[in-house]
1. Let me cross-check Arg153: its accessible surface, 1.4 Å probe, with only protein heavy atoms counted, in Å² to the nearest 10?
2. Which aspartates and glutamates, if any, have their Cα less than 18 Å from the Cα of Lys254, not counting same-chain residues under 8 positions apart?
3. Take the Cα gyration tensor of the stretch 246-328, multiply each eigenvalue by 5, square-root it, and list the three semi-axes largest first, rounded to whole angstrom.
4. Direction-averaged shadow area of the convex hull around the Cα atoms of the stretch 74-173, nm²?
5. Mind giving me the FRET efficiency for Glu145 and Glu412? R0 is 56 Å, r the Cβ-Cβ distance, nearest 0.05 is fine.
6. Separation between the Thr389 and Glu467 pseudo-spin-labels, each 7 Å from Cα along Cα→Cβ, expressed in nm?
7. What is the distance in Å between the Cα centres of the stretch 73-100 and the stretch 564-630?
8. Phe440: net charge of surrounding residues, Cβ under 14 Å, Lys/Arg +1, Asp/Glu -1, itself excluded?
Amino acid sequence: MSTKRPLKQTAISTSGKQVRQSSSRTKSTTSEVSSREGSAHGGFLSLAAIREIVESIAIAFMLAFLFRTFEAEAFVIPTGSMAPTLLGRHKDLTCAQCGHQFQVSASDEVDSETGRFTGRQVIGGTCPVCRYSMHVGAGNPQGREYPSYKGDRILVVKFPYQFGEPQRWDVAVFKYPGGAKTNFIKRIVGLPGETIMIRNGDLFARPAVPEDFHSTYVLNLEEFRILRKPPEKVRAMLQLVYDNDRTQRSWIEKGWPPRWVSEPTQSGRGWSVSEDYRSFSIASPESGEVAWLRYRHLVPSYDEWQRLLHGKGQGIASLQPQLISDFCSYNSEVSQGGGGWFPSSESWGPLAYSSYPGWSYDPLRPTPKQLGLHWVGDLAVEFQVEVVTPRGNLLLELVEGGRLFQCNLNLESGQAVASIDALPEFRALTSTPIKRKGKFWVMFANVDDCLYLWVNGKPMSFETTGEYSPMDNAKPTLRDREPVRIGARGTEVTVRHLRVYRDIYYIAYRANGGISSQQMIDDFVVSPYTPLTGETVTRVLSDCHSYGAARTRVVWFPLDKDQFLVLGDNSPESMDSRLWEGRNFEYYVKRELLIGRALFIYWPRSLDRIPGTNIPIRFFPNFWRMRYVR
């Protein structure tokens, strides 16, 4: 497979801390017993006392062994195939332009087998919010050091798989079928007796096909049903696309077009924007018309950022909206010796230089693959709404494949109604607490052919399910470049903290299907845009019509008894079930190889200073990232 760097297989190493802590507790108990016996026998231990000590030590070690074997064990995540759910070795970055905190992989700095440094130092990464590519190597403009940190330390429970059945969407630890000495971690997506299909970034299942599948079976897409995640898994697996709290007023004053804009109503009344462009208010528009606030996916390229920074951003105002892709900032790391030559008469970047006429070299320039080559239509919008006048309606809209998905919130009764323009018969109702003055957190999502609504973090259950039948919306349209709207009618509200998210996109390739990374790139582009460059990616995602065959590629995996399909959350950089064939073993994990379910991140990378201060301190616990693994 021809790629810039090999796809990463998440290996996780075992930590012996639990056993050592049990040993320490044993020593303490032994000391107490010895003290008591010594005082009773004039300083000499009797045979009974010695036997008691030996028995105590034996029991303690036995309990520690049983706990480690049957209950729980600690592991360390070294690589990033489960990012952003679980982080491997990485760098923590704060964007120098918008202030958003994000992580980039640093797994290439260390050999996952030997633990030795490879000499490939990560010197750059791209912010997921504003797409600014930061230089974080020696001599960086920030004048800071950016160390690399070890991955998350997690607690894995074993009894769920020893006394019960593995569940779909579990994050599971297992012994690598290829015979690796270390253990590996992925998410279980396929269960025994199923055939799993990957199509358009989603997962589908049907009962397993006959044994003579390869010679007789003809794939029938209508036999498959989409696999829907429960609400808690949906929220846990969403990935940030844009956070409006990171909007900078200085960008807009320099001609940078804002992503959230107000659409004027017929009466000329629309949403008013705050001075920092981060919140929007509407004051009782005409009862019969809706005032809309619209999100445009305006993504500046590397060159556009450099022009803006060098005071030559005249063309920024003409920036065109794009499709939302599977861009992942965790995969945007640039190592020394990375980047490449590109046709340009100017060298904008801090590390760029020209050696040949018309060509420049810039190690910080993202590669086409790092920009995300797959359109993602499963989206969510989240924000805080302050209801000033509890009457009228608040409307939320998402677009996928040109189809419109709407949630209408009645601010007087609290009732919410979800609808789909292409399915007039679809109507899902639920009751919400939004029927009074106050501030509420709202999230509306269209994921896995299902509509979800949360208020203050709690899922609102529709009386009739939010699930809907498949539609002809697998191809992107120009409408998908502006896929989110918030509307108000007959009310007075303010919305803040607007965020747009996307679902995980599972890339449809399979090792024995011969889909190489280069073919994946070729699938992205329809003539005449060749060869593939960063500018090509921008054009294709902007005009939509040139988006290639990758959107329709289909792969499937039959599973027999005691066989499980496992995939990484970081699909572009995960050597998971899809790519195991051809390595002298199959694409599934046998039940006997399953170790346990990831339960809790008990020690993410520690902080180097007390939060909110400049007081340095080593190994300060990072409480904010300690959480249950979803």
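The values are calculated or read from the model by the stated rules, or taken from the named source; none is laboratory data. It should be emphasised that the depicted structure is a prediction, and the values quoted were computed from it without experimental measurement. Heads up, the Cβs are rebuilt from the backbone with ideal geometry, glycines too, and the neighbour counts pull from every protein chain shown. All accessible areas refer to the heavy atoms of the entire protein, side chains included, with ligands and DNA or RNA removed. Shrake-Rupley method; radii C 1.70, N 1.55, O 1.52, S 1.80 Å.
1. 50
2. Hits, sequence-local ones excluded: Glu275, Asp276, Asp303, Glu304.
3. On the way: eigenvalues 163, 44, 25 Å².
Calculated on Cα positions only, the semi-axes equal 29, 15, 11 Å.
4. Numbers: hull surface 32.3 nm².
Its average projected convex-hull area is 8.1 nm².
5. On the way: r = 56 Å, r/R0 = 0.99.
Step by step, r from the Cβ atoms, then E = 0.50.
6. Output for this residue pair reads 4.2 nm.
7. 9
8. +4
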